[in-house]
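Asks: My questions all concern the structure below.
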Amino acid sequence: MAYVKTIYYPYEKIAAIAANFLSKYHPADNYPTPIEEIIEFQLRMDIIPIPGLHKAFDVDGFLSSDLSSISVDLDLSESRPGRYRFTLAHEVGHSVLHHELYKQNKFSNIDNWRKFVASFPKDQYSWVEWHANVFAGLVLVPPAQLAKRYKYHAKQVKRLNIDNPEVALEAVSRFLAEDFVVSAEVIKRRLEKDRLV
């Protein structure tokens, strides 16, 4: 394995990269973002479901070093669509933001991938994962669409006369999670980052 060194991207830079990605691969700008179709038909990458991947290796998915495929836990693809979609978008984030790292470090199986991950200095690995998480959140929940749908659902929930703001926010987050087919956690992070709550 080559020595791993990466750069830190600030949030604004990742947001610009995610916006460019969406304008190129999903100009229709509707929701939910068709991440699976973008991967298979536009990026021409294979999605490889692997039974028991998470149970055996404690990972939901990983990107091949040649950037040609994303391996993902089979259970996610069958029973947890929000987590599945986020995992795919996260791995696409690595291919967009960290392609040079992957190309410099060849690995053909999960054991070699784990050695690749272990070769990162701890602080740099946390950056790399944060980069991919931010990218995934922005691609699956684009800011303009989030603002529109938040406004819509906030009005709907307001009509229910819910006195507790936390309960109202929980309801709005649940509706948004259904709209964008992501977890409520992803929605909460995006709402906070976009200062909608």
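Asks: Would you point out which residue out of Phe86, Phe107, Phe116, Phe62 is surrounded by 18 or more Cβ atoms within 10 Å (Cβ to Cβ) and within 20 Å of Ala184 (Cβ to Cβ)?
Replies: Just one listed residue meets the conditions, Phe86.
Asks: Between a residue in segment 108-119 that is under 11 Å from Phe57 (Cβ atoms) and any residue that is surrounded by 15 or more Cβ atoms within 10 Å (Cβ to Cβ) and of a type in the set (Phe, Trp, Tyr), which pairs come within a Cβ distance under 6 Å, given they are 6 or more apart or on different chains?
Replies: As it stands, the answer is Ile110/Phe57; Trp113/Phe62; Trp113/Phe107, since those pairs meet every condition given.
Asks: If you scan segment 88-107, which residues turn out to be touching a residue at least 40 places away in the same chain (Cβ under 8 Å) and within 16 Å of the chain's Cα centre (by Cα)?
Replies: Leu88, Ala89, His90, Glu91, Val92, Gly93, Ser95, Val96, Leu97, His98
Asks: Among (1) closer than 21 Å to Arg80 by Cβ; (2) in a helix (DSSP H, G or I); (3) in contact (Cβ under 8 Å) with a residue 60 or more places away in the chain, which single condition is His131 missing?
Replies: Among (1) closer than 21 Å to Arg80 by Cβ; (2) in a helix (DSSP H, G or I); (3) in contact (Cβ under 8 Å) with a residue 60 or more places away in the chain, the lone unmet condition for His131 is (1).
Asks: Restricting the search to segment 102-124, which residues are in a helix (DSSP H, G or I) and either in the same structural domain as Ala177 (by TED's automatic domain parsing) or among the small types (Gly, Ala, Ser) (or both)?
Replies: The answer is Ala118, and nothing else.
Asks: Keeping to segment 139-184, report how many residues are of a type outside the set (S, T, N, Q), touching a Phe, Trp or Tyr at 6+ places or on another chain (Cβ under 8 Å) and part of a loop (DSSP other than H, G, I, E, B).
Replies: Result for segment 139-184: 3.
Asks: Something else: Would you mind telling me which numbered condition in (1) at pLDDT 95 or above; (2) crowded, with 16+ Cβ neighbours inside 10 Å; (3) assigned to a loop (DSSP other than H, G, I, E, B) Arg44 fails?
Replies: Only one criterion is unmet by Arg44, namely (2).
Asks: Please enumerate the residues belonging to segment 177-192 that are under 14 Å from Phe86 (Cβ atoms) and either at pLDDT 95 or above or not hydrophobic (A, V, I, L, M, F, W, C) (or both).
Replies: Matches in segment 177-192: Ala177, Phe180, Val181, Val182, Ser183, Glu185, Val186, Ile187, Lys188, Arg189, Arg190.
Asks: Continuing with this model, one more query. Filter segment 57-75 for residues that are over 18 Å from Phe41 (Cα atoms) and not in a helix (DSSP H, G or I) and give the result.
Replies: Asp58, Val59, Asp60, Gly61, Phe62, Ser65, Asp73
Results for (1) at pLDDT below 95; (2) assigned to a helix (DSSP H, G or I); (3) in the same structural domain as Phe135 (by TED's automatic domain parsing), shown as yes or no for each residue.
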position: Thr6; (1), (2), (3): yes, no, no
position: Asn20; (1), (2), (3): no, yes, yes
position: Ser77; (1), (2), (3): yes, yes, yes
position: Arg83; (1), (2), (3): no, yes, yes
position: Glu91; (1), (2), (3): no, yes, yes
position: Glu100; (1), (2), (3): yes, yes, yes
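Asks: Taking segment 8-18, which residues are surrounded by fewer than 16 Cβ atoms within 10 Å (Cβ to Cβ) and either modelled with pLDDT of 95 or more or among the hydrophobic types (A, V, I, L, M, F, W, C) (or both)?
Replies: Pro10, Tyr11, Glu12, Lys13, Ala16
Asks: Can you report the number of residues in segment 124-152 which are within 11 Å of Leu176 (Cα to Cα) and either buried (at least 16 other Cβ atoms within 10 Å of the Cβ) or under 8 Å from the mean Cα position of the chain (by Cα) (or both)?
Replies: 5
Asks: Residue by residue through segment 55-71, note down the ones that are farther than 12 Å from Ile110 by Cβ and among the β-branched types (Val, Ile, Thr).
Replies: Passing the criteria: only Ile70.
The values are calculated or read from the model by the stated rules, or taken from the named source; none is laboratory data. These figures come from a predicted structure and were not determined experimentally. Methodologically, a virtual Cβ is constructed for each residue, glycine included, from the backbone with ideal geometry; neighbour enumeration extends over all protein chains shown.
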